[in-house]
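For reference, the structure discussed in these notes is given below.
The values are calculated or read from the model by the stated rules, or taken from the named source; none is laboratory data. Since we're looking at a predicted model, the values are computed, not measured. Using ideal geometry, Cβ is built from the backbone for each residue, glycine included, and neighbour counts are taken over all protein chains shown.
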Amino acid sequence: MSMKKILIVDDFAYIQLLFKRSLDKEGFKAIQAKTAAEATSLIGQEEIDLIILDINLPDMNGVDLLKELRDRNITIPVIIVSAFASPEVLNSIASLDVSAVFPKPVVLTDFIGRVKEILLGIKPDTASAARMLVVDDQEQVGMLMERTFTKDGYHVIWVHDGYEALSHLAHEKFCGIVVDLSLPGMDGFSLIQKIREKEPEVPVVVITAYPSREAIIKCKAMNVNDIFAKPLKLSEFRARIRNMFKQ
């Protein structure tokens, strides 16, 4: 089966990066356009299987772009993502065969689930699984967490930085959160502080390659439930997580 190609049309660099990283990780090929003109050019050159479309673009309203595509009999499935999905906007796209509409900030698990349903026919079946959030920018660690704790019955959400984590926390509940202290953009301590402001009781476990005395004291002051040094002793770590993160 050939790799499904998804066009992300959004002028916000962070959103493009977030979507591309998430879609690439799921085995899709994500390509990007910042303007309607770039998108139109790519649609003419590439075999696109799905379009992720923002409404507010620098050179054209996304709804107008979609109307142009449909007028040209381009029937590629479209998911709209927008912070401005008002009732008027929803009415304007009602006849344009839109597959889904997601408000920003997007709940990534729901978004990826819908993409899989549209392109692969796979319906999400994770409602009964306890959600566990892993925040670590190391591919090896993230993949290990996904593989290990999925086997234990958790629905593992792995993200690379604090901003992605906060996007999930804005809309989702987790049975526990694993945080690396060394993260790009927002360090682990800053993320934990924001987690505690929103979810003071959720179990938080820190993993770090630098378990200094100062870091341990700071973690305890922030009500961190446990701290593990990298490289992890997986059997001990796994047992502790299963005890704390209740399903």
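Worth a mention:
- All positions within region 150-169 that are in a loop (DSSP other than H, G, I, E, B) and in contact (Cβ under 8 Å) with a residue 40 or more places away in the chain: 152, 153, 154, 160
- Residues that are closer than 15 Å to residue 174 by Cβ and either among the basic types (Lys, Arg) or surrounded by fewer than 17 Cβ atoms within 10 Å (Cβ to Cβ) (or both), drawn from region 198-219: 198, 199, 200, 201
So that you can scan it fast, the table gives a plain yes or no per residue for (1) farther than 15 Å from residue 11 by Cβ; (2) surrounded by fewer than 18 Cβ atoms within 10 Å (Cβ to Cβ):
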position: 58; (1), (2): no, yes
position: 66; (1), (2): yes, no
position: 74; (1), (2): yes, yes
position: 89; (1), (2): yes, yes
position: 96; (1), (2): yes, yes
position: 101; (1), (2): yes, yes
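- Here residue 142 meets the list (1) outside any helix (DSSP H, G or I); (2) within 19 Å of residue 21 (Cβ to Cβ) almost entirely, failing just condition (1).
- When restricted to residues that are in a helix (DSSP H, G or I) and either within 28 Å of residue 162 (Cα to Cα) or among the aromatic types (Phe, Trp, Tyr) (or both), region 99-121 contains 10.
- Among (1) out of contact with any Ser or Thr (no Cβ under 8 Å at 6 or more places or on another chain); (2) among the polar types (S, T, N, Q); (3) not assigned by TED's automatic domain parsing to the domain that holds residue 182 - the single one residue 148 does not satisfy: (3)
- One residue stands out in region 170-197 among those that are in a loop (DSSP other than H, G, I, E, B), surrounded by 14 or more Cβ atoms within 10 Å (Cβ to Cβ) and of a type in the set (A, V, I, L, M): the one that is modelled with the highest pLDDT, namely 181.
- Every residue from region 34-51 that is in a loop (DSSP other than H, G, I, E, B) and of a type in the set (Ser, Thr, Tyr): 35
- No other residue among 160, 155, 168 is outside the structural domain of residue 13 (by TED's automatic domain parsing) and in contact with a Ser or Thr (Cβ under 6 Å, 6 or more places away or on another chain) apart from 155.
- In region 69-98, residue nearest to residue 4 (Cα to Cα) [restricted to those that are at pLDDT below 90, touching a strand residue (DSSP E or B) at 6+ places or on another chain (Cβ under 9 Å) and in a loop (DSSP other than H, G, I, E, B)]: 93
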